[in-house]
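The values are calculated or read from the model by the stated rules, or taken from the named source; none is laboratory data. These numbers come from a predicted model, not from an experiment. As a convention, Cβ positions derive from the backbone with ideal geometry for all residues, glycine included, and neighbour counts pool all protein chains shown. Ligands, DNA and RNA are excluded from the accessible area calculation, which covers all protein heavy atoms including side chains. Shrake-Rupley method; radii C 1.70, N 1.55, O 1.52, S 1.80 Å.
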Amino acid sequence: GETMKSFLKGLIVLAITIAAALPVFAQDDIAKKMNDVLLKGIEEGHWQVTADEVYMWIKTKQTDFLVVDVRPDPSEYKKGHIPGAIHMPYNQVLKSENLKRLPKNKKIILVCATGPLQNLPIVALRTLGYDAHAMAFGYSAWIKGYRGGEAMKGVIKKAATKNYPVEK
């Protein structure tokens, strides 16, 4: 009786301990996998492609890539996007139903207005086995006079009038 109760209590404590430790191991495993991807960044060109490359792939009718417009506002996609691009806001790329729309046997080219948002899902996608890339400078490199490029010019012009500290 008492021996069995003690054994069961010990078994329950052991099970709870193991269950509590598993997320830590899983987190360490995910961090290691993501770090392994990041370590390849320099040698793999930080997974950036140029607008000229994408244009050439379209012009020569390449079929080994998919452009994903990750701008958050669907109306921007409707106003104009790279031919053949699908729309998937950057903050929804990792939803399981959206991952199913992304082929693992093609380059996935993420594109946003100026670059920052398109880079957010890259490491996660690469960790999951996708050949994910970003188009350098986003639509600012694709659409003449695009608002993103104009915004960057404004920021650069403003920075030229500042004297922010830089440590050496």
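Beyond 22 Å in Cα-Cα separation lie the following of the pairs Lys40/Lys107; Lys78/Lys153; Lys61/Lys106; Lys40/Lys106; Lys106/Lys153: Lys78/Lys153; Lys106/Lys153.
Summing charges over neighbours of Leu39, with a neighbour being any other residue whose Cβ is under 15 Å away from its Cβ, gives +1 when K and R count +1 and D and E count -1.
Computed in the context of the full set of protein chains, the accessible area of the stretch 84-131 at 1.4 Å probe radius has 52% of its extent on carbon or sulfur.
Here the Karplus relation 6.51 cos²θ - 1.76 cosθ + 1.60, evaluated at θ = phi - 60°, turns the backbone of the stretch 56-62 into coupling constants of 5, 4, 5, 4, 8, 6, 5 Hz, with x for every Gly and Pro. Couplings 3J(HN,Hα) of the stretch 99-111, computed from phi: 4, 5, 7, 9, x, 7, 9, 9, 5, 9, 10, 8, 9 Hz, in residue order, whole Hz [Karplus 6.51 cos²θ - 1.76 cosθ + 1.60, θ = phi - 60°; x for Gly and Pro].
With the helix formula -39500 (n - 2.57) applied to DSSP H stretches of n ≥ 4, the chain reaches a computed 222 nm mean residue ellipticity of -15000 deg cm²/dmol. The mean sequence separation of alpha-carbon pairs under 8 Å and at least six residues apart, normalised by the residue count of the stretch 47-160, gives a relative contact order of 28 percent.
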